[in-house]
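The values are calculated or read from the model by the stated rules, or taken from the named source; none is laboratory data. Because the structure is a prediction, the values reported are computed rather than measured. In this analysis, Cβ positions are derived from the backbone assuming ideal geometry, glycine residues included, and neighbour counts consider all displayed protein chains.
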Amino acid sequence: MILIWSPEAFADLRRERDYLTNASETAGRNQITRIRRAARALLTFPQMGTRVAFQDQTAFVFVVRGTQYLLIYDVDGEAVRIRRVWSGRRSRPPFERAP
């Protein structure tokens, strides 16, 4: 399997890195490392997230352990595509549980 970051997810990751490193470079680097490791873990267990409805499609949400971040992703054949990196500091997440 391969890991693909959508442009939106990459922008989310960059924005979070900038926000976090503004307060503490070490803490910011550690959080971003956790997010990236969680994304790589999805390559081994791609459907370990919770199925949700996101932008009129089915996707998965995975909670990054030890953080307030969620990875919103989908699985397409041999690829895991990270669609968004969502922070708990933001408003309500942009998805609903899938039926």
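Here are a few things to note about the model shown:
- Residue count, the stretch 66-99 (criterion: closer than 20 Å to I32 by Cβ, charged (D, E, K, R) and at pLDDT 90 or above): 3
- Identity of the residue in the stretch 11-28, surrounded by fewer than 13 Cβ atoms within 10 Å (Cβ to Cβ) and within 16 Å of the chain's Cα centre (by Cα), that ends up nearest to A79 (Cα to Cα): R14
- Flag if V61 is touching a residue at least 12 places away in the same chain (Cβ under 8 Å), outside any loop (DSSP other than H, G, I, E, B) and in contact with a Lys or Arg (Cβ under 7 Å, 6 or more places away or on another chain): no
- For the stretch 1-10, the tally of residues that are among the aromatic types (F, W, Y), surrounded by 15 or more Cβ atoms within 10 Å (Cβ to Cβ) and either closer than 16 Å to V63 by Cα or without any contact (Cβ under 8 Å) to a residue 60 or more places away in the chain (or both) stands at 0.
- Within the stretch 29-55, considering residues that are assigned to a loop (DSSP other than H, G, I, E, B) and in contact (Cβ under 8 Å) with a residue 24 or more places away in the chain, the one nearest to the chain's Cα centre (by Cα): G49
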